[in-house]
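Novice: Sharing a structure with you now.
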Amino acid sequence: MASLDRDHDSSTRATYRALLVRGFTPGEAANLTAYLAGIEVGAGRPWRLADIDRLLFLRELCRTGRLGADDGLAQAPVTAGLASA
């Protein structure tokens with residue numbers, strides 16, 4: 001899994017840096033990097049490279065089944081043996 005993280009990090013970082021060298025502002029470069037990674041880009045605050053990498057990491061966890069829709073939700077405590085009178 002660690003190599004997968006480094007692959008995402010290095011490819012997004014390389015794309016971001018290449019766009020900066022070509023004259024894009026940091027916000028433009030980050031938004032274009034997000035767009036190229038298949039992340040929706042809106043009119044709000046520009047993406048940050050760390051946020052793009054974090055989202056790609058979570059996307060990969062979901063894709064491989066390591067993270068599910070109910071992960072992170074609080075579980076109701078089990079109350080075995082409680083009966084109403």
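Novice: Based on the mean of other Cβ atoms within 10 Å per residue, sort peptides 50-63, 28-41 so the most packed one is first. Mind dumping the intermediate values first?
Specialist: Details: 50-63: 15.1, 28-41: 16.7.
So the peptides 50-63, 28-41, ranked by packing, come out 28-41, 50-63.
Novice: Using a 10 Å cut-off on Cβ atoms, rank the peptides 13-20, 42-49 from the highest mean neighbour count down.
Specialist: Values: 13-20: 15.5, 42-49: 12.2.
Per-residue Cβ counts within 10 Å, averaged per peptide and sorted highest first, yield 13-20, 42-49.
Novice: Which length gain, in nm to one decimal place, applies between ARG48 and LEU20 when the Cα-Cα distance is subtracted from 0.36 nm times their residue separation?
Specialist: Numbers: separation 28, 0.36 × 28 = 10.08 nm, distance 1.33 nm.
That pair, ARG48 and LEU20, stretches by 8.7 nm at full extension.
Read-outs throughout are calculated quantities, based only on the coordinates presented, and are distinct from any laboratory measurement. Note that the structure is predicted; figures quoted are calculated from it, not measured. Quick reminder, even Gly has a Cβ in these numbers, built from the backbone with ideal geometry, and neighbours come from all protein chains shown.
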